[in-house]
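Here the structure is laid out as structure tokens; the discussion comes afterwards.
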Amino acid sequence: DSGVTQTPKHLITATGQRVTLRCSPRSGDLSVYWYQQSLDQGLQFLIQYYNGEERAKGNILERFSAQQFPDLHSELNLSSLELGDSALYFCASSVVERGELFFGSGTQLSVL
Amino acid sequence: GESVGLHLPTLSVQEGDNSIINCAYSNSASDYFIWYKQESGKGPQFIIDIRSNMDKRQGQRVTVLLNKTVKHLSLQIAATQPGDSAVYFCAAGAGNTPLVFGKGTRLSVIA
């Protein structure tokens, strides 16, 4: 167990809908990262937060947004969902802004 | 931007043999490298890391080699066991930028 908690584990929804994925980092970790994993693209970095502030953005679509709350948990919001958004979404955390990442078990999103 | 790639998407080895998984990176400014193991249904799990001021680092049954000249790193697993069957990712980082992951190599251990 990495100490990073992601909910829900599975999410099935329809195109055009909006969903929220939640992540609780390891106790004491200030940095939260979101990654998308699809079969042919590997792990793609989406966005990083550090102590409530956005630190880095990767290949995150404009339909996606995230935030980190004062208690350090983070949410990834995906809207106007398309079939191609179906993927495994991972949250990871680290103590500082770089270094070893500890990954949650992921949220499997299926858009039908 | 940085790209990280693995040389082989799949690798099959006999139980007890040594496994070598290779990875190439593109950014010469990359100074931190990590290997992760991902088992089915789980998130990636840290195996070993290495910084650019080193060319070799050993852990328990694993060794990472870094060749900065050709921007290549490898993960060696000694005496591969069935429990080593998983997808292995290399990741590279430069400064405070987030890690960039390769696409992964699926290691299958044949009993």
Looking only at segment A:31-58, and only at residues there that are over 11 Å from the mean Cα position of the chain (by Cα) and of a type in the set (S, T, N, Q), the one that is farthest from the other protein chains (Cβ to nearest Cβ): A:ASN51
Which numbered condition B:ILE20 fails, given (1) more than 18 Å from A:LEU101 (Cα to Cα); (2) touching a Gly at 6+ places or on another chain (Cβ under 9 Å); (3) not in a loop (DSSP other than H, G, I, E, B): (2)
Filter result for B:ASN27 (in contact (Cβ under 8 Å) with a residue 60 or more places away in the chain and either of a type in the set (A, V, I, L, M, F, W, C) or surrounded by fewer than 18 Cβ atoms within 10 Å (Cβ to Cβ) (or both)): yes
Residue, nearest to the chain's Cα centre (by Cα), within segment A:69-85, restricted to residues that are surrounded by fewer than 15 Cβ atoms within 10 Å (Cβ to Cβ) and closer than 15 Å to A:THR13 by Cα: A:ASN77
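Would you mind stating whether B:ILE21 is surrounded by 18 or more Cβ atoms within 10 Å (Cβ to Cβ), out of contact with any helix residue (DSSP H, G or I) (no Cβ under 6 Å at 6 or more places or on another chain) and under 23 Å from A:ASP1 (Cα atoms)? Spell out how you get there, then give the answer.
Working: surrounded by 18 or more Cβ atoms within 10 Å (Cβ to Cβ): yes; out of contact with any helix residue (DSSP H, G or I) (no Cβ under 6 Å at 6 or more places or on another chain): yes; under 23 Å from A:ASP1 (Cα atoms): no.
For B:ILE21, the condition - surrounded by 18 or more Cβ atoms within 10 Å (Cβ to Cβ), out of contact with any helix residue (DSSP H, G or I) (no Cβ under 6 Å at 6 or more places or on another chain) and under 23 Å from A:ASP1 (Cα atoms) - is not met.
Test B:LEU8 against the criterion of being hydrophobic (A, V, I, L, M, F, W, C) and in a loop (DSSP other than H, G, I, E, B), and give yes or no.
Details: hydrophobic (A, V, I, L, M, F, W, C): yes; in a loop (DSSP other than H, G, I, E, B): yes.
Yes: the conditions hold for B:LEU8.
Got a sec? Which of B:LYS37, B:LYS42 is within 14 Å of another protein chain (Cβ to nearest Cβ), without any contact (Cβ under 8 Å) to a residue 40 or more places away in the chain and either surrounded by fewer than 16 Cβ atoms within 10 Å (Cβ to Cβ) or under 25 Å from A:GLN37 (Cα atoms) (or both)? Show your work before the answer.
Numbers: B:LYS37 fails: without any contact (Cβ under 8 Å) to a residue 40 or more places away in the chain.
The unique qualifying residue is B:LYS42.
Limited to segment A:1-30, what total is found for residues that are more than 9 Å from chain B (Cβ to nearest Cβ) and either part of a strand (DSSP E or B) or of a type in the set (Val, Ile, Thr) (or both)? So that I can check it myself, show each step before the final result.
Within segment A:1-30, the first condition is being more than 9 Å from chain B (Cβ to nearest Cβ), and the residues that meet it are A:1, A:3, A:5, A:7-30.
Imposing the further condition that a residue be either part of a strand (DSSP E or B) or of a type in the set (Val, Ile, Thr) (or both) reduces the set to A:5, A:7, A:10-13, A:15, A:19-24.
Number satisfying all stated conditions: 13.
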Segment A:89-112, subset at pLDDT 95 or above and surrounded by fewer than 18 Cβ atoms within 10 Å (Cβ to Cβ), residue nearest to A:TYR33 (Cα to Cα): A:GLN108
Selection status of A:LEU81, in a loop (DSSP other than H, G, I, E, B) and either touching a residue at least 60 places away in the same chain (Cβ under 8 Å) or touching a helix residue (DSSP H, G or I) at 6+ places or on another chain (Cβ under 9 Å) (or both): yes
Subset of segment B:93-111 [closer than 13 Å to B:ASP31 by Cα and either within 10 Å of the chain's Cα centre (by Cα) or in a loop (DSSP other than H, G, I, E, B) (or both)]: B:ALA94, B:GLY95, B:ASN96, B:THR97, B:PRO98, B:LEU99
Test: residue in segment B:83-106 that is within 23 Å of A:VAL4 (Cβ to Cβ), aliphatic (A, V, I, L, M) and away from chain A (no Cβ under 11 Å): yes
Selection count, segment B:78-92, where residues are buried (at least 23 other Cβ atoms within 10 Å of the Cβ) and either of a type in the set (Gly, Ala, Ser) or more than 23 Å from B:ARG61 (Cα to Cα) (or both): 2
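The values are calculated or read from the model by the stated rules, or taken from the named source; none is laboratory data. No experiment lies behind these values; they were computed from the predicted model shown. Note: ideal-geometry Cβ built from the backbone for every residue, glycine included; neighbour counts use all protein chains shown.
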